[in-house]
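A short worksheet on the structure shown next.
The values are calculated or read from the model by the stated rules, or taken from the named source; none is laboratory data. Computed from a predicted structure; not experimentally measured. Cβ sites come from the backbone with ideal geometry, for glycine too, and all protein chains shown count toward neighbours. Heads up: the accessible areas ignore ligands, DNA and RNA and are worked out on the full protein's heavy atoms, side chains in. Shrake-Rupley method; radii C 1.70, N 1.55, O 1.52, S 1.80 Å.
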Amino acid sequence: MKHPFLHQGGDGYVIHEHSGHQLSIAVFDGLGHGERAVCAAEAFRDICMNAPSYEPHRLLAFAHPHMRRTAGAACMVVNLDRKKRTASYAGIGNISMFFGNQDQMKWRTGNSGILGYRQIHIREMSFPWEDGDVLILHTDGLRKEGMKHLLHHNRSPSELAKVICEHQYSGQDDALVLVCSVHAQRAVKVEEETIRA
Ligand SMILES: [Mn+2]
């Protein structure tokens, strides 16, 4: 089952559930402004619909040549495995990811470069997770500095998404944040907030 979702702006995400116990999430930011950014984001969404694999490394490698006809995009793909309780991820460009719990929150971003432009180097990494851990993905319309202290309070994903948009908006550019609460046995809860520049 594929759940495409894309905002009118250049920021968007796709969530794809597959093989019974895996959930792949891609957050992306079409480069440039206005129509160009929207076209790049839509192209990436369409590529996801036709991707032969949602493994982060393979999805990005598949998308890269197809994105050459667009302005390009920044993208982070995370694949949550509910059986193994691990997450694998790979990113290109400036999409930020936080994961962990109240005691320890880690920050990661993608490799430098632009999806669809010149050469890219894709490196896939992974991390273990536990029930109730939080995964946050956001585009660069939101500042990552100061993010961590917002995450120390006991907030639901929807509250977190709202608070992050209120406190971290850069004041320019589109912005999107996706907050997920991850669980092995029940549906991953996903909340999102967007701001259109
Ligand atoms: Mn942006």
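In sequence order, segment 78-93 has phi-based couplings of 10, 10, 8, 9, 7, 7, 7, 6, 10, 10, 10, 8, 8, x, 10, x Hz under the Karplus curve 6.51 cos²θ - 1.76 cosθ + 1.60, θ = phi - 60°, and Gly or Pro positions carry x. From the largest down, the chain spans 43, 39, 27 angstrom on the principal axes of its Cα atoms. Can you send over the carbon and sulfur percentage of the accessible area for the chain, probe radius 1.4 Å, protein chains only? About 47 percent, which is the carbon plus sulfur part of the accessible surface.
Shown is the FRET efficiency for His21 and His66, computed with R0 = 25 Å from the Cβ-Cβ distance and rounded to the nearest 0.05: 0.35. Legend: distances between Cα atoms for Lys84/Lys144; Lys106/Lys162; Lys83/Lys189; pairs beyond 24 Å are Lys84/Lys144.
So if each residue of separation counts as 0.36 nm, and I subtract the Cα-Cα distance between Asn50 and Ser156, what length gain in nm does that give? Before the final figure, lay out the partial values.
Details: separation 106, 0.36 × 106 = 38.16 nm, distance 3.33 nm.
Result: 34.8 nm gained on full extension.
A DSSP coil position with no more than 12 other Cβ atoms inside 10 Å describes the following trypsin sites (Lys or Arg not before Pro) in segment 1-87: Lys83. In this label model, Gln185 and Ser170 are separated by 4.2 nm, measuring between points 7 Å along each Cα→Cβ vector.
Per residue, the accessible area of the chain comes to 48 Å², computed with a 1.4 Å probe over protein heavy atoms only. Taking label points 7 Å from Cα along the Cα-to-Cβ direction, Glu145 and Thr86 give a separation of 3.6 nm.
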